[in-house]
Amino acid sequence: MNTSNSVQTGPEQSARTFTQISRTPFISDAVAKHYDSHCSIDSRFRRAARILQILWMRDQGIPNAAVEERGAHLGSYLRADAAESGRNFISPQIHLLALREFLLLREDDAAVDEDRLMTNTLTSMCLVANAFGPLALDTKLATAVFRQMLPEFVHSVERIAFEHSPGRRDDRFLADRSAFDVAVHITTPDGEAGIVYVEVKYSEEMAGPVARWRDRYDQALKEVRLYKTPESVILRSPPIEQLMREHMLAQLSVDHGITPRAMFIGIAPRLNRRADAAFRVYANELAPIDHDDSTRVRFQHFTLEKLIDAIDVAGDRETADQLWKRYCDFQRVYEAALAVIAPKAQCSEPPCSLTNTRAADANSKTRTRKPSPRTRRTQPNGQAAVSDPAETSDG
């Protein structure tokens with residue numbers, strides 16, 4: 001991981017971008033079983049993402065869980081000794097950061113599943129550590145990244161906190177345990193302090209379960225003045241209600257003086273259509289905000305590909321490449337599946353027209369990228385596995 005001289009602005013950097021295939025490869029039961037990844041309740045995206053994690057583990061020489069361990073029949077779980085040594089993270093530095101931020105120095109009453117964080121390659125909590133950990137360790141890099149993503153709101157990044165809430169179980173807020181994956185403390189171009197609150201999704205199906213409804217939610221819905229119709233049924237349905245709770249929490253953090261300015265953003269892979277749809281449906285429930293009203297907390301959503309590309313352009317090519325190969329290289333999943341169903345087929349061309357991830361994001365410039373070894377041909381191995389009805393929505 002690059003932790004020095006991380007901000008580069010030369011022509012070579014401005015010419016790089018990542019590309020994504022146009023849709024998630026469909027993984028049949030036979031292909032899933034071939035890669036020890038068959039789970040009957042997986043969505044199309046999560047089924048493909050699970051294979052991507054297995055391929056990544058094989059690249060890294062990471063053993064999967066033994067027979068007696070949780071999720072052992074799924075190759076996407078790390079063996080206990082590999083998990084304990086931090087192999088679920090992209091570097092030893094990020095492993096140490098995860099131990100510090102999610103375990104040793106976590107906030108009181110934080111909802112952290114240590115077993116999932118350390119052993120489950122699909123969990124979004126591990127993605128949070130891997131994607132935002134390098135930024136937390138290098139605020140110059142973080143500044144360059146967030147200036148690209150939120151140029152009108154971020155001048156500099158001061159520090160980054162994980163699994164954060166301005167007030168768990170506090171009646172001034174939501175009187176529950178709602179929290180953000182990431183809180184990026186920033187200085188705005190106007191010199192004010194601010195916070196970018198972040199919710200990250202990876203393989204979640206966005207189907208619930210929902211939080212137990214509290215009277216405080218009804219009060220807060222009217223108090224925050226964020227919604228066109230606070231009584232809307234949509235706001236109370238999965239997965240919209242989680243976004244609603246967190247956005248209200250962000251607004252209440254401004255209203256109660258935790259920070260003078262805030263934004264709430266969502267991040268998910270472009271091919272996770274359910275997450276993208278949830279973000280769009282939620283945004284449609286929001287009332288217009290006066291451009292001059294700096295006290296209102298705005299919502300925006302970005303693709304994970306855009307975040308990775310921003311890290312690349314900011315100068316940390318190593319981290320960007322690691323994140324791409326680990327979480328977004330679905331061209332490789334296509335090739336791995338094709339190698340099972342048509343082992344003699346040639347696979348020198350992409351399955352369908354590649355979509356430039358920068359062009360797919362609003363307010364981004366289209367750029368080209370030199371070919372790289374991101375889509376190496378993968379030869380399959382492994383035995384069939386059975387499905388796991390106990391799998392949760394977080395992978």
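Taken together, the residues in the range 33-44 that are open to solvent by 10 Å² or more (accessible area, probe 1.4 Å) and either under 16 Å from the mean Cα position of the chain (by Cα) or closer than 16 Å to residue 78 by Cβ (or both) amount to 1. Just a yes or no: is a residue in the range 66-76 among the basic types (Lys, Arg) and at pLDDT 95 or above? Scanning the range 66-76 turns up no residue that is among the basic types (Lys, Arg) and at pLDDT 95 or above. So in the range 296-329, with the set limited to residues that are of a type outside the set (A, V, I, L, M) and either modelled with pLDDT under 95 or touching a strand residue (DSSP E or B) at 6+ places or on another chain (Cβ under 6 Å) (or both), which one is least open to solvent (accessible area, probe 1.4 Å)? Selected residue: 305. Taking the criterion of being of a type in the set (A, V, I, L, M, F, W, C), over 21 Å from the mean Cα position of the chain (by Cα) and surrounded by fewer than 18 Cβ atoms within 10 Å (Cβ to Cβ), the residues of the range 173-210 that qualify are 175, 193. Going through the range 122-148 one residue at a time, which ones are among the charged types (D, E, K, R) and either in contact with a helix residue (DSSP H, G or I) (Cβ under 6 Å, 6 or more places away or on another chain) or assigned to a loop (DSSP other than H, G, I, E, B) (or both)? Hit for the range 122-148 is 138, nothing else. Just one of (1) crowded, with 23+ Cβ neighbours inside 10 Å; (2) modelled with pLDDT of 95 or more; (3) not in a helix (DSSP H, G or I) fails for residue 151. It is (1).
State whether the residues of the range 154-170 include one that is open to solvent by 20 Å² or more (accessible area, probe 1.4 Å) and part of a helix (DSSP H, G or I). Scanning the range 154-170 turns up no residue that is open to solvent by 20 Å² or more (accessible area, probe 1.4 Å) and part of a helix (DSSP H, G or I). Checked against (1) closer than 22 Å to residue 253 by Cβ; (2) surrounded by fewer than 21 Cβ atoms within 10 Å (Cβ to Cβ); (3) modelled with pLDDT of 95 or more, residue 59 passes all but a single condition, namely (1). Candidates in the range 243-267 are the residues that are polar (S, T, N, Q) and in contact (Cβ under 8 Å) with a residue 60 or more places away in the chain; of these, the one that is surrounded by the fewest Cβ atoms within 10 Å (Cβ to Cβ) is 259.
The values are calculated or read from the model by the stated rules, or taken from the named source; none is laboratory data. From a predicted model like this one, the values you see are computed outputs, not experimental measurements. Positions of Cβ are backbone-derived with ideal geometry, glycine not excepted, and every protein chain shown enters the neighbour counts. Just so you know, the surface numbers come from the protein's heavy atoms only, side chains and all, with ligands and any DNA or RNA stripped out. Shrake-Rupley method; radii C 1.70, N 1.55, O 1.52, S 1.80 Å.
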